[in-house]
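Below you'll find the structure, written out as structure tokens, and then a few comments.
The values are calculated or read from the model by the stated rules, or taken from the named source; none is laboratory data. Fair warning: this is a prediction, and the values are worked out from it, not measured in the lab. Positions of Cβ are generated from backbone atoms using ideal geometry, with glycine treated the same way; all protein chains shown enter the neighbour counts. Side chains included, ligands, DNA and RNA excluded: accessible areas come from the protein's heavy atoms. Shrake-Rupley method; radii C 1.70, N 1.55, O 1.52, S 1.80 Å.
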Amino acid sequence: MELTCTSFSFPLLSFEDAAKVIALIGIPKIDIGAHQGGCHIQPSEIEENPQEVADRINRAVGAAGLRVSDLFATFGEGFRDRPVNSLIASEREANQKRMRALVKTAKAIGAGGISLLPGVPWDEIGQEKSFDLSVRELTRLVPIAHDAGLRFSVEAHLDSVAETPELALELVQRVPGLKLTLDYSHFIANGYEPEDVHPLVPHAGHFHARQCRRGQLQESHRNGVLDFADIVARLKAARYPGDICIEYTWQEWRGANNVDVMMETILLRDQLRQLIG
């Protein structure tokens, strides 16, 4: 295991400067965020010219002396614009095309895998059918990543079809080859205990780390409830093959602008360094 950090932890900086900051604080890898309408890399730009975007990423990452761990992308803007389980058939087909472009860029930047979101519940068809649609579409996406030698995982998040530990587990069980980009904070903020999340550890392909508590997606080290010593021990016991990504973010969603991202990143970096060994 090695440490990595999300490029979008520092959204007010350019992508190039965000990479330099991550290197400056001694984290050896970077997770590339590609979220439409967000900071830095746009999925639409990747689809238009995968190699050109890869070249830009490689220049910035190389200049900073980093390596890429994961490409974390969305197909559209936010959760409900072109999710994997879009209700519009033409959008689902367009997502296939965009996925192929994401794979080309991920391969060209040396990423170990791709993380996406699992889809959202639609009032029009209900939770169960929304979930089934995600299963169907993710089953179509897995081979696109695997044929390129990439790990493919989804982050089970708040407001998604897999926002409970039970649903997240069912999702990976029903989609052959799918892994989780496991983030305890989404489940803890939703009222679950760490013990409820531990069964997901064997299904982790990537891992996001930050402190949290019940009702609060992102929290300071003083007020957070996660025992990372226990979690890292569980990852090791499960022979987890990936990296640990520190994912403090600065955004208004769910009050995730409530902590000092830089200081909390450094504090968690120091703790995880000792635990990883």
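Structure data summary
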item: Failed item, numbered, when Val197 is tested on (1) open to solvent by less than 10 Å² (accessible area, probe 1.4 Å); (2) over 15 Å from Glu163 (Cβ atoms); result: (2)
item: Residue check for Ile27: part of a loop (DSSP other than H, G, I, E, B) and touching a Leu at 6+ places or on another chain (Cβ under 6 Å); result: yes
item: Whichever residue in segment 26-41 is of a type in the set (A, V, I, L, M, F, W, C) and open to solvent by less than 20 Å² (accessible area, probe 1.4 Å) and, among such residues, is nearest to Gly76 (Cα to Cα); result: Ala34
item: Residues located in segment 65-107, provided they are over 18 Å from the mean Cα position of the chain (by Cα), surrounded by fewer than 22 Cβ atoms within 10 Å (Cβ to Cβ) and either in a loop (DSSP other than H, G, I, E, B) or hydroxyl-bearing (Ser, Thr, Tyr) (or both); result: Gly65, Leu66, Leu87, Ile88, Ser90
item: Residue within segment 210-218 that is out of contact with any Lys or Arg (no Cβ under 6 Å at 6 or more places or on another chain) and among the hydrophobic types (A, V, I, L, M, F, W, C) present; result: yes
item: Test: residue in segment 42-55 that is under 20 Å from Thr249 (Cβ atoms), touching a strand residue (DSSP E or B) at 6+ places or on another chain (Cβ under 8 Å) and surrounded by fewer than 22 Cβ atoms within 10 Å (Cβ to Cβ); result: yes
item: All positions within segment 156-210 that are among the charged types (D, E, K, R), farther than 24 Å from Glu137 by Cβ, part of a loop (DSSP other than H, G, I, E, B) and without any contact (Cβ under 8 Å) to a residue 40 or more places away in the chain; result: Glu193
item: Conditions (1) modelled with pLDDT under 95; (2) open to solvent by 40 Å² or more (accessible area, probe 1.4 Å); number of the one not met by Pro176; result: (1)
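This table checks each residue for (1) touching a strand residue (DSSP E or B) at 6+ places or on another chain (Cβ under 8 Å); (2) open to solvent by less than 10 Å² (accessible area, probe 1.4 Å); (3) modelled with pLDDT under 95; (4) not β-branched (Val, Ile, Thr).
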residue: Arg136; (1), (2), (3), (4): no, no, no, yes
residue: Thr139; (1), (2), (3), (4): no, no, no, no
residue: Ala145; (1), (2), (3), (4): yes, yes, no, yes
residue: Ala148; (1), (2), (3), (4): no, no, no, yes
residue: Phe152; (1), (2), (3), (4): yes, yes, no, yes
residue: Ala156; (1), (2), (3), (4): yes, yes, no, yes
residue: Glu163; (1), (2), (3), (4): no, no, no, yes
residue: Glu166; (1), (2), (3), (4): no, no, no, yes
residue: Val172; (1), (2), (3), (4): yes, no, no, no
